[in-house]
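Okay, so here's the structure we're looking at.
The values are calculated or read from the model by the stated rules, or taken from the named source; none is laboratory data. The model shown is predicted, which means the values in this text are computed figures rather than measured ones. The area values use the complete protein model at the heavy-atom level, side chains included, leaving out ligands, DNA and RNA. Shrake-Rupley method; radii C 1.70, N 1.55, O 1.52, S 1.80 Å.
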Amino acid sequence: MEKKMARTSTKKNKEEPQAYSTMEGGSAKRRVFFVSPEIVPFAKTGGLADVVGSLPRALMKLGCECSVVMPKYRSISPEKYKLKLEIKGLAVPMGMGEMGADIYSTRLGDTHGTAYFVSNDRYFDRDGFYGTAEGDFHDNAERFAFFSRAVLEMVKALNWYPEILHLNDWQTGLVAAYLKTLYQTIPPYDRMRTLFSIHNMAYQGLFPKYILPMTGIGWEEFRHEKLEFYDQINYLKAGLVYSDALNTVSERYAQEIQTDEYGHGLQGVLKARSNDLYGIVNGIDYDEWNPATDKEIPAQYTVKNHEKKEEAKKKLLQEQLLEFKPKTPVIGLISRLTDQKGFDLIAEIIEAFLSMDVQFVVLGTGEPKYHSMLSELRERFPAKLSVALKFDNRLAKLIYAGSDMFLMPSRFEPCGLGQMIAMKYGTVPIVRKTGGLADTVENLSPDGKKGTGFVFEDYRGSDLLFTIKRAIEAFHQPKLWTELVQRAMKQDFSWDASARKYLDLYNKILGR
């Protein structure tokens, strides 16, 4: 790929709106539009929302011009977020005729960026983002086809044409398909480029083929090398096939998804596009996650006075009705309670685990069988186990700060944020060697002089239990443990480095 970037004019022209970046001092001020089904602080179900809430801010610090767009769900309060109406009744062409959208906007935090919202009561004025406890919404194919088409129509109405459309997960895959089919010969759409970020291959947006006419895309695209996937339409595959470049949220996961084990049926597509597939580890927002400034923990601390962590440990155990024991390690877990997160392994070894001198603090929700298991064990081990079956950001911070170790035995983990946050708070991670966990946590060396955590590779309960025992043994060696905690806290997972890698990737895409 060429690394050279084209110099272009910054002068706007109403007939042919500006779609290129300015160049000052040799650095490109790229114009990037993030398209996502969820964005912090407006709506969140997982790490995707954190990424799209943080990455644009980091890129703007590098001089990029960034905006974001997402659906306006019922839960997004116009009053709370000071939304203003930008476009009333935007015409959105669909296969069954034109639909209407209202476009709202607000300032993106304390930056110069803008957050846009696509509003349509039929599609988005309901409880939930993608479904309910009973299952996915029956019209998700239509909802996100409409959203994808509205994104492309709104940039024309706003007269704001990005160079890069940065798409995220299956809900945005059709944006790339539209751009390479219905919009491919229309200036300046023909100069826009797309980067498609894969946050989790397990979620693909599979729909019956009969919905294709609804999208407005012709049947000529229903082929094995395009939209067709086992006689269905696959929105994630649309993003993989039609986008100019692909990335996922860690280098290891970029390799893993090209294998049968992790590719979820699309490994062949990803292998075919391996030259266009990149891995960039997510960052974390140290304005939000930093024990030196965090007012929601009992005492603030840095690597130089991390012994103040003990105040958080005391507070955590007090709140969770567990006795404070200085020489007993507290292991924290904040997670969805699912097999993907390794709960089948935890279930296999938990009684042997709780028979050791440990205290285990769990926060999260997930599969009913694990809710039942943990509730029953809480009754049997009241001095060792606390369980909070909910999401609670304040308690999450207290667990990160007050635990000695942080457990993430995931079956697969595209990136993971918990292990990086834990290290910042001086809480040593215990992880499986997969995806972003493998990229960010270094196993403690036999001599104890290197490493930032404890890592096991084979997905077996016995290996997890052995690794927990290793961590507990290390905890009882004060000098070794102090040095390990200090190394973990010194790791830099800020968005700055990741944002520079994304900017390099944008430049590669535009320089082709």
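Just the number, please: carbon plus sulfur as a percent of the accessible area of segment 155-228, 1.4 Å probe, no ligands or DNA/RNA counted. Walk me through the numbers on the way to the answer.
Details: 1480 of 2730 Å².
After summing per-atom areas, the C and S share lands at 54 percent.
Could you give the semi-axes, largest first, of the ellipsoid that matches segment 215-256, computed as the square roots of 5 times the alpha carbon gyration tensor eigenvalues and rounded to whole Å? Display every interim value, and only then the final one.
On the way: eigenvalues 118, 24, 12 Å².
That gives 24, 11, 8 Å for the three semi-axes.
What order do 224, 166 take when sorted by accessible area (1.4 Å probe), most exposed first?
Details: 224 140, 166 5 Å².
Listed by decreasing accessible area, they come as 224, 166.
Could you work out the helix-only [θ] at 222 nm for the chain, with each DSSP H run of four or more residues adding -39,500 (n - 2.57) and the total divided by the number of residues, to the nearest 500 deg cm²/dmol?
Values: 18 runs with 176 residues, N = 512.
So the calculated ellipticity at 222 nm is -10000 deg cm²/dmol.
Got a number for carbon plus sulfur as a percent of segment 442-496's accessible area, 1.4 Å probe? The partial results should precede the final answer.
On the way: 1480 of 2920 Å².
Ligands and nucleic acids excluded, carbon and sulfur reach 51 percent.
Top to bottom by accessible area (1.4 Å), largest first, where do 121, 244 land? Mind showing how you got there, number by number?
On the way: 121 110, 244 25 Å².
Putting 121, 244 in descending order of accessible area: 121, 244.
Which label belongs to the value computed from this structure, given these candidates for Kirkwood radius over Cα pairs in Å: (1) 26.6; (2) 22.2; (3) 24.2?
From the options (1) 26.6; (2) 22.2; (3) 24.2, the structure gives (3).
List every residue whose amide H lies under 5 Å from the amide H of residue 494, counting only residues 5 or more places away in sequence or on a different chain, with H placed 1.01 Å from N in the peptide plane.
284
Would you work out the relative contact order for segment 377-469, in percent, from Cα pairs under 8 angstrom that are 6 or more residues apart?
Working: 128 pairs, mean separation 18.7, N = 93.
20 percent.
In whole Å, what is the distance between the alpha-carbon centres of segment 74-119 and segment 369-425?
36
Classify segment 140-295 as rounded, prolate or oblate from the Cα gyration tensor: take a ≥ b ≥ c as the square roots of its eigenvalues, call it rounded if a/c is under 1.5, otherwise prolate when a/b beats b/c and oblate if not.
Note, shape of segment 140-295 comes out oblate.
When all protein chains stay in place, what accessible area (Å², nearest 10, 1.4 Å probe) is found for residue 311?
We get 90 Å² for residue 311.
Taking a probe of 1.4 angstrom, what is the accessible area of residue 253 in Å², to the nearest 10?
Answer for residue 253: close to 0 Å² accessible.
Please list, ordered by chain and number, the residues whose modelled amide H lies under 5 Å from the amide H of residue 68; skip anything fewer than 5 residues away on the same chain.
Residues meeting the criterion, in which the H sits 1.01 Å from N, are 34, 114, 115, 116.
Determine the share of segment 286-408's accessible area contributed by carbon and sulfur atoms, expressed in whole percent, with a 1.4 angstrom probe.
Using a 1.4 Å probe with all protein chains present, segment 286-408 comes out at 51 percent carbon and sulfur.
Beyond a 21 Å Cα-Cα separation, which of these cross-linked pairs lie in this structure: 44/397; 44/80; 341/450? All intermediate terms of the calculation are to be shown ahead of the outcome.
Working: 44/397 17 Å; 44/80 16 Å; 341/450 27 Å.
Pairs exceeding 21 Å: 341/450.
Relative to the longest principal axis of the chain, what angle (0 to 90°, nearest 10) does the C-alpha long axis of helix 140-158 take?
60
Report relative contact order for segment 43-163 in percent, whole number only (criteria: Cα-Cα under 8 Å, sequence separation at least 6).
On the way: 149 pairs, mean separation 29.7, N = 121.
Relative contact order for segment 43-163 comes out at 25 percent.
Tilt of helix 309-319 relative to the longest C-alpha principal axis of the chain, in degrees (0 to 90, nearest 10)?
Relative to the chain, helix 309-319 is tipped by roughly 90 degrees.
Given contacts defined as C-alpha pairs under 8 Å and at least six residues apart, what's the relative contact order of the chain, whole-number percent?
Numbers: 1004 pairs, mean separation 67.2, N = 512.
For the chain, the relative contact order is 13 percent.
How tilted is helix 343-354 with respect to the longest principal axis of the chain? Cα atoms for both, answer in degrees (0 to 90, nearest 10).
20
Just to confirm, what accessible area per residue do you get for the chain at 1.4 Å probe, in whole Å²? Walk me through the numbers before you get to the answer.
Details: 21630 Å² over 512 residues.
In whole numbers, the chain has 42 Å² accessible per residue.
For a quick check: with amide H placed at 1.01 Å from N, whose amide H comes under 5 Å from residue 199's, ignoring anything fewer than 5 positions away on the same chain?
Hits under the 5 Å cutoff: 169.
Which percent, nearest 5, of DSSP beta bridges in the chain are antiparallel? List each step's numbers first, then the result.
Details: 24 of 71 bridges.
For the chain, the DSSP antiparallel bridge percentage is about 35.
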